[in-house]
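This report concerns only the one structure given below.
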Amino acid sequence: MQRPLGQVQFDNQGRVVVVTGIAGGIGWAIAVAFAQSGAQVHGFDVQAPSDSADGVHFHQVDVSQCDDVSARIQQIAAQAGGIDVLVNNAAIQPVASFKPLHEIEPSLLEQMLRVNVGGYNWMARAVLPVMVQQQSGVIVNLASAHAWRSSRDVPGYGPTKAANRMQAVQWALDYARHGIRVVSVSPGAIDTPLVRASLEQQGGEGALANRHPLGRLGTPGEIAAAVLWLASPAASFVTATDVEVDGGLGGYGSFADPYPLPDRYRS
Ligand SMILES: NC(=O)c1ccc[n+]([C@@H]2O[C@H](COP(=O)([O-])OP(=O)(O)OC[C@H]3O[C@@H](n4cnc5c(N)ncnc54)[C@H](O)[C@@H]3O)[C@@H](O)[C@H]2O)c1
């Protein structure tokens, strides 16, 4: 699943990077890419990653718990002497949430808001004072193609991803004067456990791949490459914006080819 970063070299020697959701597809690829380019990586997740990698330190933290997040960030900042990069990536899209709004369990809607929106807030809220003190830092929020346009049956997840994009814009505006950049990345469908779990709800792997003009799912490494660029000095004039890494998905706009309609939409 991992694509090499190719010829592009990033130097993250001596940088301290916090990534959430490292037991998942995209988070793990980001954590490893930072570590391989020299960073000290602290990865948060509710479950341990199945692999280990030099330079990646796992912390069992639920990002929806404000006090736990805050305590752990303070500990890392004190031990490491600062935090240079935060990647907000942990999010959930339960298979049972692929339903129109009135059919979704209220508790599931609340859970998506708590993790996907609340978690990003708590992480940034804990890290920003450290970055303000340094007068430097970069935050990258993983948003989604759903931050820009949508498909059927994602009334819970989709709007949380739009929120992630606007959280980045908001924090970018508020903290630019402290030398802090904040951006978001919006992936198309990437081959990860999250997407594998819901292939049936999304019309099957072939149909999902074909909705992307490049005709395939993306790889976690292709998202990591964008995140490493955005976090690097090469992107020093990039802030308060979103980068779509989506195989061209967004280019179809209103001509998007809908995947086969679920039965409930046929009359
Ligand atoms: N895979 C895609 O096609 C795709 C597309 C667009 C956007 N994204 C976004 O990319 C990010 C990563 O997605 P992925 O496909 O790698 O997902 P994934 O399900 O493979 O991984 C998500 C990880 O987050 C962790 N997590 C869940 N709740 C948590 C919590 N409360 N605290 C800490 N960790 C928690 C999970 O344990 C898991 O390891 C998400 O923000 C997702 O919305 C993914």
For the range 80-122, name all the residues that are free of Cβ contacts under 8 Å to residues at least 60 places away in the same chain, under 23 Å from Trp28 (Cα atoms) and surrounded by fewer than 17 Cβ atoms within 10 Å (Cβ to Cβ).
Pro94, Leu113
List the pairs whose first member sits in the range 169-189 and is more than 16 Å from Val127 (Cα to Cα) and in contact (Cβ under 8 Å) with a residue 12 or more places away in the chain, whose second member is surrounded by 24 or more Cβ atoms within 10 Å (Cβ to Cβ) and among the polar types (S, T, N, Q), and whose Cβ atoms are under 7 Å apart, counting only residues at least 6 apart or on separate chains?
Ser184/Asn141; Ser184/Asn164; Ser186/Ser144; Pro187/Ser144
Which of the residues spanning the range 188-205 are more than 8 Å from the ligand (Cβ to nearest atom) and either of a type in the set (S, T, N, Q) or within 30 Å of Met131 (Cα to Cα) (or both)?
Ser198, Gln201, Gln202
Just to be sure I understand, how many residues within the range 175-187 are within 14 Å of the ligand (Cβ to nearest atom) and in a loop (DSSP other than H, G, I, E, B)?
0
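Any residue that is outside any helix (DSSP H, G or I) and over 29 Å from Gln133 (Cα atoms) - is there at least one of those in the range 248-256? Please lay out each step first, then the result.
Of all residues in the range 248-256, those outside any helix (DSSP H, G or I) come to 248, 256.
Add one more test, that the residue is over 29 Å from Gln133 (Cα atoms), and what stays is 248, 256.
Yes: one or more hits.
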Every residue in the range 147-174 that is touching a Ser or Thr at 6+ places or on another chain (Cβ under 8 Å) and under 21 Å from Leu108 (Cα atoms), please.
Ala147, Val154, Gly156, Tyr157, Gly158, Lys161, Asn164
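Rundown of residues vs (1) surrounded by fewer than 19 Cβ atoms within 10 Å (Cβ to Cβ); (2) in contact (Cβ under 8 Å) with a residue 24 or more places away in the chain; (3) of a type outside the set (Ser, Thr, Tyr), yes/no style:
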{"residue": "Arg15", "(1), (2), (3)": "no, yes, yes"}
{"residue": "Gln36", "(1), (2), (3)": "no, no, yes"}
{"residue": "Val56", "(1), (2), (3)": "no, yes, yes"}
{"residue": "Ala71", "(1), (2), (3)": "yes, no, yes"}
{"residue": "Gln74", "(1), (2), (3)": "yes, yes, yes"}
From the list Leu228, Leu208, pick out the single residue that is out of contact with any Gly (no Cβ under 6 Å at 6 or more places or on another chain) and away from the ligand (no atom under 11 Å from the Cβ).
Leu228
Filter the range 170-190 for residues that are surrounded by fewer than 18 Cβ atoms within 10 Å (Cβ to Cβ) and within 18 Å of the chain's Cα centre (by Cα) and give the result.
Gln170
Any idea how many residues of the range 211-225 are within 8 Å of the ligand (Cβ to nearest atom) and modelled with pLDDT under 95?
0
Is one or more of the residues making up the range 123-141 over 13 Å from Val63 (Cβ atoms), touching a His at 6+ places or on another chain (Cβ under 8 Å) and touching a residue at least 60 places away in the same chain (Cβ under 8 Å)?
no
Elements of type strands (runs of 3 or more DSSP E) contained in the range 1-92, each with 1 or more residues being within 15 Å of the ligand (Cβ to nearest atom) and of a type in the set (Phe, Trp, Tyr):
40-45, 56-60
Options Ser144, Ser64, Ser52, Ser150: the member that is under 26 Å from Ala224 (Cβ atoms), without any contact (Cβ under 8 Å) to a residue 12 or more places away in the chain and either charged (D, E, K, R) or surrounded by 15 or more Cβ atoms within 10 Å (Cβ to Cβ) (or both)
Ser150
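The values are calculated or read from the model by the stated rules, or taken from the named source; none is laboratory data. Note that the structure is a prediction, hence the values are computed from the model and not measured. We place every Cβ from the backbone using ideal geometry, glycine too, and count neighbours over all the protein chains shown.
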